[in-house]
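What follows is a short report on a single structure.
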Amino acid sequence: MKANCWTGRNSVEVQDVPEPSILNSRDAIVKITSTAICGSDLHLLDGYVPTMEKGDIMGHEFMGEIVEVGPGISDGKLRVGDRVVVPFPIACGACASCRAELYSCCENTNPNAGLSEKFFGHPTAGIYGYSHLTGGFAGGQAEYARVVLADANALKIESDLTDEQVLFLSDILPTGYMGADMCDIQEGDVVAVWGAGPVGQFAMDSARVLGAEKVIAIDKETYRLDMAAAQGYTTINFEDTDVRSALLELTGGRGPDKCIDAVGMEATHGASHVHLYDRAKQAVRSETDRPHALRQAILSCRSGGVVSVIGVYGGLIDKFPAGAWMNRSLTLRTGQCHVHKYMKPLLGLIEQGKIDPTRIITHRLPLTEAPTGYDLFKNKKDHCEKVVLKP
């Protein structure tokens, strides 16, 4: 089969690889009908996530049709022919974390748990197509994929919604929603979102659905800010505006009630000297992540507010404003998305027309053109916001 494989830093290639097979009794094989390139895939492409190996199959946003099920899956759960969306974290459904709906912290699905524990203190769940740190599972930018513990990790789509309406239930829509959900939004709240990429756009949509009075988008790409403005959100371009000053002006001097970092480890900064400082620190590996957005969110949030972090961080950061966080009673909430918790409620919102996931799709390409899709997305060519690949 064809699959998009990591071949080195800043290099992916569509290769012929063996088709997956059932390895455990609760596995299923899915014929991929739609898959996508995620912003966090760019961290792998850029070499900021360790333990990638040449030939690893990329991708953790995928859906398709079940073509084979393992003998341990009861007939009432999943059947050949079912149309399913697959969440990116792999959950067992039975451990203490899964029972607490902390699915991305599953204690049983990462075969490289010891490696993950060395990085993070405790292991994380397995993730499709996201390095050997999270299990080394083959990803979904391919013609077929093995779904692990499929009866706990596949959402059946039983309506006539299109692939593009439901594909993002695999990751970025629940991630954006969780970012807003962790804010505990109250009536009248002002919510500021750093990053107007796909996850940021969905965080904005979710904040509105959850009752925010005003949503503010912060980015430097004009086309992304225009996309946010078209939805009625206030926009700030951090390259020509001091973000904190603008936020204070928009909120009567108090700052936003809730702040969402939808950027993560590869943030940029409007002030060149600040950006160069973190780029240099990162280049010599004295820090792994550039925390511009996180610093700014903490310093901008009103006292007693919430800073919600859904942008991906992988290691260590410099100059974290712990004094501002502690002295101003800020609540910091974060996590890889617990996708399973949100899939069904969000499917309902899509069916009701309250959220339209298709609005962020700008490019549709065949799987064979995946390297072109990565180039478009990484370098923001042709106003690229989101790439969907079709095997």
| request: Using only Cα positions of region 1-122, each an equal point scatterer, no hydration layer, compute I(q)/I(0) via Debye at q = 0.10, 0.19 Å⁻¹ and quote the log10 values to two decimals. | output: -0.39, -1.35
| So how far apart, in nm, are the two label points at PHE320 and ASP240 if each is 7 Å from Cα heading toward Cβ? | 3.6 nm
| task | Excluding residues on the same chain fewer than 8 positions from LYS2, give the lysines whose Cα lies under 21 Å from its Cα. | result | LYS31, LYS54, LYS390
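Ordered by packing density, taken as the mean number of other Cβ atoms within 10 Å over each peptide's residues, highest first, how do 322-328, 275-281 rank?
Numbers: 322-328: 12.1, 275-281: 15.0.
With the highest mean Cβ count within 10 Å placed first, the list reads 275-281, 322-328.
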| Of all accessible surface on region 181-300 at a 1.4 Å probe, what whole percent is carbon and sulfur? | 48 percent
| remark: Length gained, HIS273-ILE361, 0.36 nm per residue minus C-alpha separation, equals 28.3 nm
| task | May I ask for the distance between the Cα centers of region 79-104 and region 299-358, given as a whole number of Å? | result | 21 Å
| said: Counting heavy atoms of the protein chains only and a 1.4 Å probe, report the per residue accessible area for region 80-141 as a whole number of Å². | reply: 39 Å²
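Accessible area per residue, 1.4 Å probe, Å², for region 241-367: what's the number? Provide the component values of the computation, followed by the final result.
Details: 5750 Å² over 127 residues.
It amounts to 45 Å² per residue over region 241-367.
In µm²/s, what is D for the chain at 25 °C and 0.890 mPa s, where D = kT/(6 pi eta Rh) by Stokes-Einstein and Rh is the Kirkwood radius from Cα pairs? Don't jump to the answer; show the numbers that get you there.
Details: Rh = 21.1 Å.
It diffuses with D of about 116 µm²/s by this estimate.
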| query | Where the centre of each part is set by its Cα atoms, how far does region 218-249 sit from region 1-72, in angstrom? | reply | 35 Å
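Considering all projection directions equally, how large on average is the shadow of the alpha-carbon convex hull of region 149-232, in square nanometres? Present the calculation step by step, with values, prior to reporting the outcome.
On the way: hull surface 27.5 nm².
Approximately 6.9 nm², given one-decimal rounding.
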| Under 14 Å Cα-Cα from LYS258, which aspartates and glutamates qualify once same-chain neighbours fewer than 8 residues away are excluded? | ASP181, ASP184, GLU187, ASP189, GLU213
| query | Modelled label-to-label distance, ARG79 and LYS118, 7 Å Cα→beta-carbon offset: nm? | reply | 4.7 nm
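The values are calculated or read from the model by the stated rules, or taken from the named source; none is laboratory data. In this text, all values refer to a predicted model and were calculated from it rather than measured experimentally. Note that each Cβ is placed from the backbone with ideal geometry, even for glycine, and that neighbours are counted across all protein chains shown. For accessibility, only protein heavy atoms count, side chains too; no ligands or nucleic acids. Shrake-Rupley method; radii C 1.70, N 1.55, O 1.52, S 1.80 Å.
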